[in-house]
Amino acid sequence: MVEINRIKLDKADLTILSELDKNCRIASTILARKVRKSRQSVDYRINNLVKEGIITSFQTAINPHKMGHKIYKIYLKLRNIPEEKDRLFKYLKSSGKVYWMGECSGNWELIFGIFAKNDYEFFELKNELISEFNKIIVQEEGQILIDVKQYPKMYFTNRISEPTMFAGELVNNQLDKLDYAILGEIVNNARISLVELAEKMKSTVIIVKGRLKKMEQKGIIIQYRIGVNLNKLGLELYKSVIKLDRYTKEDERKLESYLSSLPNIQYFIRNIWSIEPELVVSSYQEYYQIIENLKKAFPEVIRTVDSVLMITDEWTPGFRNLLKAE
């Protein structure tokens, strides 16, 4: 029995959380066999994990790069002007192009992602933002996202698992209204049954199942996973923005292998000028030790490490614009 923040989770709970994060559309009967419990027991435990606020959502991971949208990131250091900060946050959340944002503490205070069709569109969006909020912005930095290794939540079981790839090569796959409608429904309701999904789409199970499979094969849908409230579990998420002195293919292989062996790893992000591992830990001391060990293991590769504690980590309403037929 593991007790985290006075919430008791036994081995079955932890295995359920781990398996749901790999594929939250897994049938309860299959999940029951994996944890050696009855289907009724598994359903009860899942419902209880939702009720306790540990599972916050059943999400479909959708890849904008396979829908013709490029991902850019902006990092901001802000002046302490509360009313301007609130205005900035509202601006970003209501923007049709900001799909994710995270408030943080450390070298940066706000990091957010923008999707755009090309560099020119991003250039205009960035200039508009900087001009509108120059009163509060102390420092800014931009990055272009190359790709992301998205790891299962291995900290539940300490078992090392293979990651799923996100972003990558830009492909403008053509989708129709039914495809977009399916994505719009399952993005935050990934455990919906095929029967219910087909009814909502006014289609058939066979057609909807075929559309899902096709979007999975094209890499538009990359995973069905769960959102977890780390605060409820007494855990923290840290992002390390690492600048490199060199990054040969061999350096890259060794560094990725090293990070992939850590059950704390959540994401490994490659930007055009930096890499960003994201780590889930129980304390800053644990995070600090991981980073110090990493720097000792790669002294000729790592130049600097900027660390931030992620306070919020949220998809904005702008993400919905990805899921609309043009």
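The values are calculated or read from the model by the stated rules, or taken from the named source; none is laboratory data. Computed from a predicted model, the values in this text were never measured in an experiment. Quick reminder, even Gly has a Cβ in these numbers, built from the backbone with ideal geometry, and neighbours come from all protein chains shown.
Values computed for the structure shown
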| read-out | value |
| --- | --- |
| Region 240-262 residues that are closer than 21 Å to Gln150 by Cβ and outside the structural domain of Leu279 (by TED's automatic domain parsing), paired with ones that are part of a helix (DSSP H, G or I) and modelled with pLDDT of 95 or more (beta carbon under 9 Å, 6 or more apart) | none |
| Any hit, region 236-248, residues being among the aromatic types (Phe, Trp, Tyr), over 21 Å from Leu294 (Cα atoms) and surrounded by 15 or more Cβ atoms within 10 Å (Cβ to Cβ) | no |
| 1 or more residues among the polar types (S, T, N, Q) and over 30 Å from Asn118 (Cβ atoms): qualifying helices (runs of 4 or more DSSP H) within region 20-102 | 28-35, 39-51 |
| Qualifying positions in region 107-156 - loosely packed, with under 15 Cβ neighbours inside 10 Å and of a type in the set (Ser, Thr, Tyr) | Tyr120, Ser131 |
| Check on Ile62, touching a residue at least 24 places away in the same chain (Cβ under 8 Å), in contact with a strand residue (DSSP E or B) (Cβ under 9 Å, 6 or more places away or on another chain) and farther than 30 Å from Lys209 by Cβ | no |
| Number of positions in region 295-319 that are in a helix (DSSP H, G or I) and out of contact with any helix residue (DSSP H, G or I) (no Cβ under 7 Å at 6 or more places or on another chain) | 4 |
| Hey, Ile16 of a type in the set (A, V, I, L, M) and modelled with pLDDT of 95 or more or not | yes |
| Counted residues, region 142-184 - those being of a type in the set (D, E, K, R) and more than 22 Å from Pro317 (Cα to Cα) | 6 |
| Any hit, region 164-187, residues being exposed (fewer than 15 other Cβ atoms within 10 Å of the Cβ) and closer than 26 Å to Leu233 by Cβ | no |
| Filtered residues of region 139-180 (kept if within 25 Å of Ile55 (Cβ to Cβ) and outside any loop (DSSP other than H, G, I, E, B)) | Val148, Lys149, Gln150, Met154, Tyr155, Phe156, Thr164, Met165, Phe166 |
| Cβ-Cβ under 7 Å pairs, at least 6 apart or on other chains, region 1-18 side of a type outside the set (Val, Ile, Thr) and in a strand (DSSP E or B), far side surrounded by fewer than 19 Cβ atoms within 10 Å (Cβ to Cβ) and at pLDDT below 95 | Lys8/Met1; Leu9/Val2 |
| Hey, Glu216 under 22 Å from the mean Cα position of the chain (by Cα), surrounded by fewer than 20 Cβ atoms within 10 Å (Cβ to Cβ) and free of Cβ contacts under 8 Å to residues at least 40 places away in the same chain or not | yes |
| Single condition Lys85 does not satisfy, out of (1) within 24 Å of Glu236 (Cα to Cα); (2) loosely packed, with under 14 Cβ neighbours inside 10 Å | (2) |
| Filtered residue count, region 104-136, keeping only those that are touching a strand residue (DSSP E or B) at 6+ places or on another chain (Cβ under 6 Å) and farther than 16 Å from Gly318 by Cβ | 7 |
| Selection within region 157-211 - among the small types (Gly, Ala, Ser) and farther than 25 Å from Val35 by Cα | Ala167, Gly168, Ala181, Gly184, Ala198, Ser203, Gly210 |
